[in-house]
Amino acid sequence: MDSEIKQTKAGRPRNEVAQQTILKTALKQVSEVGFRAVSVESIAAEARVAKTTINRHWPNKAAVVMDAFFMEVEPHTVFPVCDRAIDSLRLQMQAQVRDFRGRFGILIRALIGEAQVDQDMVKALRDQFVLPHRRKFREIIEEAMRQGDLRNDLDPVVAMDMIYAPIYFRLLMGHAPLNDSYLEALLEDVRSGLGPS
C-alpha cells in the first residue's frame with residue numbers, strides 16, 4: 001500500500017494530513033513574508049514534505065496559496081440561512097466587513113495586489129474564490145427579488161457589483177474606515193435604491 005494513503009493513528013489518511021500541513025504552511029508564509037517570497041520549495045521545506053507531493057495536488061504556488069486562503073476564509077463567506085434572503089445578505093455582509101478588519105482583510109488585499117502582476121494568481125483568485133462566491137451571491141439576490149425585498153427588474157450581476165464594490169474599494173484604498181456605521185449606511189442605500197418602490 002502506498003505509504004501516503006495509510007491511515008494515521010487518528011484515522012485520517014496521511015495524504016489528507018500532509019495536505020492540511022501544506023496549506024497551513026503556505027498561509028503562514030504568505031502572512032509573514034508575502035506571496036512573492038514564497039515558493040513551492042519553501043512550503044515543502046517547512047511542511048517537511050517532498051516538492052513532488054505538492055506538485056501532485058497543485059499546478060503552481062498560486063493554486064496552493066488560494067486553497068490555503070479558501071480554507072481560512074470559507075467559514076466566513078457562508079450566507080446564513082434565514083427566512084428572508086435579504087436578511088441572509090445583510091448578515092453575510094456584516095460578517096465579511098468584520099473579517100476585512102482583521103487577518104482576512106490583510107490576506108485578500110495581498111492576494112488582489114499580487115493578482116495584478118501574476119497570471120497564475122489572478123486565475124486562482126477568480127476561479128477558486130471570486131466566481132464561486134458570486135454564484136452563491138447571485139442566488140441570494142435572485143431569491144430576494146422573488147421575495148419582493150429587491151426590485152424584480154434588477155440585473156443580478158449589476159446588483160452584486162453595486163452592493164459589494166464599495167466594501168472592496170474601502171478595503172483596498174484604505175481612504176476611510178470600513179466600520180459598522182459605514183456598512184449600515186450602505187445597507188440603507190441598498191434598501192432604498194434597489195428595494196421595491
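Give me D for the stretch 20-132 in µm² s⁻¹, whole number, from Stokes-Einstein with Rh from the Kirkwood sum over alpha-carbon pairs, 37 °C and 0.692 mPa s. Numbers along the way, then the final one.
Working: Rh = 14.9 Å.
Once the numbers are plugged in, D ends up at 221 µm²/s.
Convex hull volume of the C-alpha atoms in the stretch 89-197, normalised per residue: 98 Å³.
By the rule of a C-alpha distance below 14 Å, with chain neighbours fewer than 8 residues away ignored, the aspartates and glutamates paired with Lys28 are Glu46, Asp67, Glu72. Any idea what diffusion coefficient the chain gets from Stokes-Einstein, in µm²/s, Kirkwood Rh on alpha carbon pairs, 37 °C, 0.692 mPa s? After rounding, the answer is 176 µm²/s. Taken as Cα centroids, the stretch 45-122 and the stretch 15-30 sit 14 Å apart, rounded to the nearest whole angstrom.
I want to verify a result. In a Gaussian network model of the chain, Cα cutoff 10 Å, which of these has the top mean-square fluctuation: Gly34, Gly148, Gly174? Greatest mean-square fluctuation among the candidates belongs to Gly174.
FYI, it's all coordinate maths here, none of it is from the lab. Keep in mind it's a predicted model, so treat the numbers as computed, not measured.
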